[in-house]
1. Run the simple label-point estimate for LYS141 and THR35 please: 7 Å along Cα→C-beta, distance reported in nm.
2. Using r as the Cβ-Cβ distance of LYS247 and ARG368, and R0 as 41 Å, what FRET efficiency do you calculate, to the nearest 0.05?
3. Rolling a 1.4 angstrom probe over the protein chains, ignoring ligands and nucleic acids, what is the accessible area of LYS298 in square angstrom, nearest 10?
4. Give me log10 I(q)/I(0) at q = 0.12, 0.19, 0.23 Å⁻¹ for segment 286-417, Debye formula, one equal scatterer per alpha-carbon, no solvent.
5. Compute the accessible area per residue over segment 3-280, keeping the other protein chains in place, probe 1.4 Å, unit Å².
6. Please list the non-local residues whose amide H lies under 5 Å from the amide H of ALA74, H modeled 1.01 Å from N, same-chain partners needing a gap of 5 or more.
7. What spacing in nm lies between the two simple spin-label points modelled at LEU211 and LYS328, each 7 Å away from Cα in the Cβ direction?
8. Using the Karplus curve 6.51 cos²θ - 1.76 cosθ + 1.60 with θ = phi - 60°, work out ³J(HN,Hα) for each residue of segment 144-157 in order, rounded to whole Hz, and write x for Gly and Pro.
Amino acid sequence: MKDETKCLHAGYTPKNGEPRVLPIVQSTTYVFDSTKDVGDVFDDPSKALIYSRFENPTVMAVEEKIAALENGKAAMCTSAGQAASLISVLNLCNSGDSFVAASQIYGGTINLFAVTLKKLGIECIFVDADAPLEEIKKAFKPNTKCAFGETVANPALSVLDIEKWANAAHSFGVPLIVDNTFATPINCKPINYGADIVVHSTSKYMDGHALQVGGVIVDSGKFNWENGKFPDFTTPDESYHGTIYTKAYKELAYIMKARMQLMRDFGAYPSANSAFLLNIGLETLAIRMDRYAENALKVAEYFKNSDKIEAVRFPGLKGDKYYDLAKKYLRKPSGVISIDIKGGKENAVKFMDNLKLASNEVHVADIRTCVLHPASATHRQLTDEQLIAAGINPGLVRFSVGLENTEDIISDIENALAKI
Ligand SMILES: *Cc1c(COP(=O)(O)O)cnc(C)c1O
């Protein structure tokens with residue numbers, strides 16, 4: 001199936017007389033005929049479902065759809081994008097380990113990696129995503145267990161050279177995790193370029209309608225966990241009656257370990273209702289991504305021609321620093337544009353406060369146009385140094401173009417710019 005078809009049909013195929021629409025299975029648990037049957041499912045969880053803290057039929061249909069869209073082997077949904085990033089790393093790193101991350105990633109992820117994981121004894125080594133391969137390689141240590149980057153960084157809008165990063169990670173025998181939130185699998189499939197694990201905040205384009213927060217981890221099923229670096233995959237898990245993940249689950253070792261060990265312990269699993277809503281968003285993802293690209297290009301060109309704007313970052317714009325990488329990795333750009341307004345923070349705030357159609361909110365990649373000033377909101381906790389490393393100037397405005405008519409979006413921008 002092609003992407004448009006997968007969006008509508010992957011993950012759920014009703015049989016004779018079954019509901020056309022993915023049913024919401026709103027149940028915490030599943031019933032068995034005997035105690036033996038329950039025991040059998042613990043031995044082989046592929047036989048039936050156990051408990052909705054880590055698996056549910058509605059959620060699993062959506063997992064299958066997203067795995068199909070990403071060309072992955074399997075996926076696991078999470079209650080937020082943050083939980084997906086957290087679990088994707090904790091599934092590989094123990095206390096005393098390290099991992100390498102691109103500096104140009106989402107501010108919340110920087111916080112999670114630099115502060116919270118540090119408290120757990122896991123060191124995150126940040127490297128400029130654009131550094132040459134040899135420099136990136138220098139960041140890897142014997143205890144490094146993975147690398148992490150963002151296809152299109154929020155809000156720096158830098159494009160990750162996925163092949164370069166996969167190369168660096170693989171030369172040390174560790175997997176590359178890519179946060180593909182802004183690109184979505186419609187515009188980029190990181191697994192096709194060597195990524196081993198893909199994560200998303202599904203709260204953004206995938207849901208699309210600002211209905212519910214969620215995340216997902218996709219496993220390519222391609223990484224060789226038996227290279228001596230990952231004993232947690234190749235030796236018995238005492239918390240799971242001695243299961244050896246590579247032996248029991250083969251190419252699904254990573255995602256099964258994430259589900260049967262970490263999700264079982266943390267319970268950061270979405271509800272059936274959330275998955276149902278996410279599925280509705282996914283059904284139109286392919287056609288929405290096309291229109292976002294079309295609208296955003298018009299808006300980016302308007303910004304580029306305005307004398308009130310210092311700089312426009314939009315990888316779909318000719319002359320953008322990341323135009324060539326975007327040409328290579330992205331089918332189309334997404335709808336997010338970052339702009340630096342002349343006059344810095346003061347004028348950025350004035351511009352935003354004078355917008356009427358575009359809403360000022362802590363969200364991005366919505367169906368409606370919205371704006372955010374990262375330095376005072378999502379990236380408020382970062383130091384000036386971290387802000388610059390993440391590609392964020394104090395005057396940067398993240399403008400997320402929606403699906404309104406572009407004449408209305410541009411006239412709103414025109415009015416607000418006229419006030420500064
Ligand atoms: C929003 C976002 C996250 C975090 O996701 P939540 O669903 O808000 O927890 C992670 N990565 C990127 C790129 C994001 O935009």
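The values are calculated or read from the model by the stated rules, or taken from the named source; none is laboratory data. None of the values given here were measured: they were computed from a predicted structure. Counting neighbours? That spans all protein chains shown, and the Cβs are built from the backbone with ideal geometry, glycine included. We work out accessible area using only protein heavy atoms, side chains counted, and drop any ligands, DNA or RNA first. Shrake-Rupley method; radii C 1.70, N 1.55, O 1.52, S 1.80 Å.
1. Computed distance between label sites LYS141 and THR35 equals 5.0 nm.
2. So the FRET efficiency works out to roughly 0.25.
3. 90
4. So the normalised log intensities are -0.43, -1.11, -1.54.
5. 38
6. Amide H to amide H, under 5 Å and 5 or more residues apart or across chains, ALA74 pairs with ASP219.
7. Once both label points are built, they end up 3.8 nm from each other.
8. 6, 10, 6, 10, 9, x, 10, 3, 10, 6, 9, x, 5, 6
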